[in-house]
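Heads up, the thing below is written out as structure tokens.
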Amino acid sequence: MITWRVGNVVSLGKSWAGAQELDVVDQAGNRVRALAYPMLVGEVAVGSAVALNSSALDRGLGTGGYALVAAVLPEPGSAPTRRTDGPGHLVKARYTPTQAMVLGVDEQDSQFHAVLEDADSIDGMPVITADLHSALPAILSGVRLGGDALKVAYVMTDGGALPAWFSRTAAQLRELGWLESIISVGQSYGGDLEAVTVHTGLLAARHVVGADIAIVIQGPGNLGTGTRWGYSGVAVGEAMNAAAVLGGVPVGSLRISSGDLRERHLGISHHSLTALGRVALAPGHIVVPTFDPSDSFFGDFPLTSDSPSWQDMAALVARQGGELAAVAPHHTFVDVAVGAPLHEALSESPVRLSTMGRGYGQDPLAFLAAGVAGQYAASLVAR
């Protein structure tokens, strides 16, 4: 059941591409931090009356601590706004109160329809898949070590946030030129381009954007239940299959943690073991980070009394990688050494690195593992 609040905007906060933070005082006099997507609900201003969906916020769940603006309410007695002239006929978040109509890159009204109508191959393009949205800037840091002139498209799937506008990380990377384009697929929306499926999103990345590399990851947020199959990252395996069937080179970025001490996520997460080991049926390249704990930069990461030593972590990742290779022999497992250049690139990232509330200093392997996948994909383009 949706929990609603109605209130008035009392101040505006930060804004980024497609999103506006604001403070609202609701009908009970409570001050609420909220987020609006102006391209979805219209422009908001101080004094605007708004309807808020506060369901997740009221239960202390996700959504970045925001109530979400579902509507900007008209002035009493004013005629409702009616617009029927928007482009496109793709309906996303279908049959929900906030369904959005967008112009799909692959639909008949698109200028690119003829390009994609019979497109059937991405011509060997490397496609990096990862479980968590937080891997995106680290993967790009690794890619850029292989050449900052490479064009990279981000194909955002719908396992997490549906609006691409929610991601400040993606918006910053786009502004920096690290991403050539954001393509929202499935039920997600708000990218530079919209596509119906991961398949047409990848084809658009190659033939419309001209990308050298595509990265497929869900939007911010991750649904998990602590069960083997009940998590949104299962879609990583399906993305690997999509890349392969289109003639790309699937590159699996492992979800690895040195800071998450839950047994199912320490080292190589069970998410990666299931998605890449059992769902990804097409052959792909799985990048396994190797590292020497004696390297000086590991001294930058102090361990807590509960954390395993770096020697133990190196052995754990190597053992888990071997177990994954045993159950998925159709994949090619590629050991890539973690080095000081990647550490330096991640340390100097212009975009904040954070996964499950942990930064690079608290969970370095999460970002190093993503970075080596980017390095490896860039090396495939260079060949």
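General observations
- Hey, Leu281 within 17 Å of Asp363 (Cβ to Cβ), of a type outside the set (Gly, Ala, Ser) and either touching a Phe, Trp or Tyr at 6+ places or on another chain (Cβ under 8 Å) or in contact (Cβ under 8 Å) with a residue 24 or more places away in the chain (or both) or not: no
- Count of residues meeting criterion [surrounded by fewer than 24 Cβ atoms within 10 Å (Cβ to Cβ) and either of a type outside the set (Ser, Thr, Tyr) or over 17 Å from the mean Cα position of the chain (by Cα) (or both)] in region 183-199: 5
- Residue match in region 286-294 (condition: of a type in the set (Phe, Trp, Tyr), assigned by TED's automatic domain parsing to the domain that holds Ala326, touching a residue at least 40 places away in the same chain (Cβ under 8 Å) and in contact with a His (Cβ under 6 Å, 6 or more places away or on another chain)): no
- Condition check for Ser232: crowded, with 24+ Cβ neighbours inside 10 Å and among the hydroxyl-bearing types (Ser, Thr, Tyr): no
- In region 214-262, the residues that are acidic (Asp, Glu) and modelled with pLDDT under 90: Asp260
- Leading residue by the ranking (surrounded by the fewest Cβ atoms within 10 Å (Cβ to Cβ)) among those in region 105-136 that are hydroxyl-bearing (Ser, Thr, Tyr) and in contact (Cβ under 8 Å) with a residue 24 or more places away in the chain: Ser121
Here is a yes/no grid of residues against (1) under 16 Å from Trp178 (Cα atoms); (2) surrounded by fewer than 22 Cβ atoms within 10 Å (Cβ to Cβ):
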| position | (1), (2) |
| --- | --- |
| Ser349 | yes, yes |
| Arg358 | no, yes |
| Pro364 | no, no |
| Gly374 | yes, no |
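- Number of positions in region 132-176 that are over 10 Å from the mean Cα position of the chain (by Cα), assigned to a strand (DSSP E or B) and of a type in the set (A, V, I, L, M, F, W, C): 2
- Given (1) modelled with pLDDT under 95; (2) farther than 22 Å from Ser167 by Cβ; (3) of a type outside the set (Val, Ile, Thr), index of the condition Ala93 fails: (2)
The values are calculated or read from the model by the stated rules, or taken from the named source; none is laboratory data. Note that the coordinates shown come from a computational prediction; the quantities given were computed from them, not determined experimentally. Here Cβ is always computed from backbone atoms with ideal geometry, including for glycine, and neighbour counts include all displayed protein chains.
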